[in-house]
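Just so it is clear, none of the values below were taken in a lab; they were calculated from the coordinates. This one's a predicted model, so the numbers in the text were calculated from it and none came from an experiment. Quick reminder, even Gly has a Cβ in these numbers, built from the backbone with ideal geometry, and neighbours come from all protein chains shown.
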Amino acid sequence: MKRKLFLISAVLLVAISAISCVSGRKFKSLQDTSKQFMNERDDFKTDNISLEMANRELETKIALLEKDMSGTREEIESVKAERDKALEEYNSISAKYNDLQNAQEDLIRGNVKETQKLLAELQAAQANLQAKEDLLRQLEETLDTKKASLDELTFELEKRNARMLELEKVLDAQKKIVQDLKNKVSEALLGFENNGLTVTMKNGKVYVSLDEKLLFKSASWEIDANGRNALKKLSGVLERNPDIQIMIEGHTDNVPYNPGSGQLRDNWDLSVKRATTVVRTLLEGSKIDPKRLTAAGRSEYIPVDPANTSDARQKNRRTEIVLTPDLTELYELINKY
């Protein structure tokens, strides 16, 4: 809710600033706000990548633990076999001892040493059997501990997988919204595409780029009839999609603007003036909520072609309309965790 209030305040501030020839300080504030939103989007992607890495680490730990448990089970079976063998030996010696006791009276002379030997063997067998049982009990306790650790890791993995599935579901829904929006915009502006207008998808947004020649005359911010027609068609699409946020960015080339006796001082002023003119044209006669629109001047500092040629400068003189879907559901899901 706080983010929405902040965004609304920023939009109102920009609108007021645009009407009164936006000052450098207020424009920079708007630019910082825009960068902040882009950074948040990148943070969401980073968070998703971090979750995938953590998920892979958990799967690796579980595989190692399962391998370790398998070895422990084999060791337990081996110890059980040795214990059973020792028990058989113990029973055999006990039988011999019983036989010895029954014949003790007849074998008193000359058999004392044999009796002592059998007793020593019996005691050794008992000690060995006890040691085997102690080892078996210790291994069983170790197995229980490892199983509990495995269960905990499995539960954590399931939680992370569930979160990733939710995030992927929301991201897929956002991608579909953006793709549908691009299709609608392309359909509405079919006659203008590749004729000074392009519609592309990038970073989860739809970019409508209009060359200077489609909208303005050189050094002017008055929109001609052909450009006004394209903007009116786009306005209809935006009116029917009220959840889309709209950023209008004016871009110039690197040739210094010659203001003459006009009201503009430089390329900053020209790019802002063109952006606000496009905003007013989109709003003219439409039901678009003005709170959805933001006007920004980029001057010459975000060129599509950095070459210092006539062709590159022509590409850089453009107006970009950036359409962003509603990310409220994605924000709520991320804040939930």
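Listed by chain and number, the aspartates and glutamates whose C-alpha is less than 16 Å from the C-alpha of residue 61, apart from same-chain residues fewer than 8 away, are 52, 151, 152, 156, 158. Using C-alpha pairs under 8 Å with a sequence gap of at least 6, the mean separation divided by the residue count of region 57-172 gives a relative contact order of 47 percent.
Under a Gaussian network description of the chain, with springs only between Cα atoms under 10 Å, the residue in 311, 211, 266 that fluctuates furthest is 311.
In the chain, the inverse of the mean reciprocal separation of distinct Cα atoms equals 26.5 Å; this is its Kirkwood hydrodynamic radius. Each stretch of four or more DSSP H residues adds -39500 (n - 2.57); spread over every residue of the chain, this sum gives -24000 deg cm²/dmol at 222 nm. Just list whichever of 175/213; 176/213; 45/184; 35/217; 45/233; 45/176 have alpha carbons separated by over 24 Å in the model shown. Exceeds cut-off: 175/213; 176/213; 45/184; 35/217; 45/233. From the alpha carbon centroid of region 177-225 to that of region 237-296 is 13 Å. The ranking of 154, 72 from fewest to most other beta carbons within 10 Å of each one's beta carbon is 154, 72. Partner lysines whose Cα lies under 19 Å from the Cα of residue 113, excluding those fewer than 8 positions away in the same chain, are identified as 96. Taking the chain as a Gaussian network of alpha-carbon nodes connected by springs under 10 Å, the highest mean-square fluctuation of the residues 98, 195, 183 belongs to 98.
Dipole magnitude for region 57-172: about 360 debye, using +1 per Lys or Arg Cβ and -1 per Asp or Glu Cβ, origin at the Cα centre. Our coupling estimate for region 312-317, obtained by passing each phi through the Karplus curve with A = 6.51, B = -1.76, C = 1.60 and θ = phi - 60°, is 5, 4, 5, 5, 6, 7 Hz, Gly and Pro reported as x. With R₀ fixed at 25 Å, the C-beta to C-beta distance from residue 138 to residue 89 puts the FRET efficiency at about 0.70. Listed by chain and number, the lysines whose C-alpha is less than 19 Å from the C-alpha of residue 132, apart from same-chain residues fewer than 8 away, are 80, 85.
Beta bridges from DSSP with both residues in the chain: antiparallel share about 75 percent, rounded to the nearest 5.
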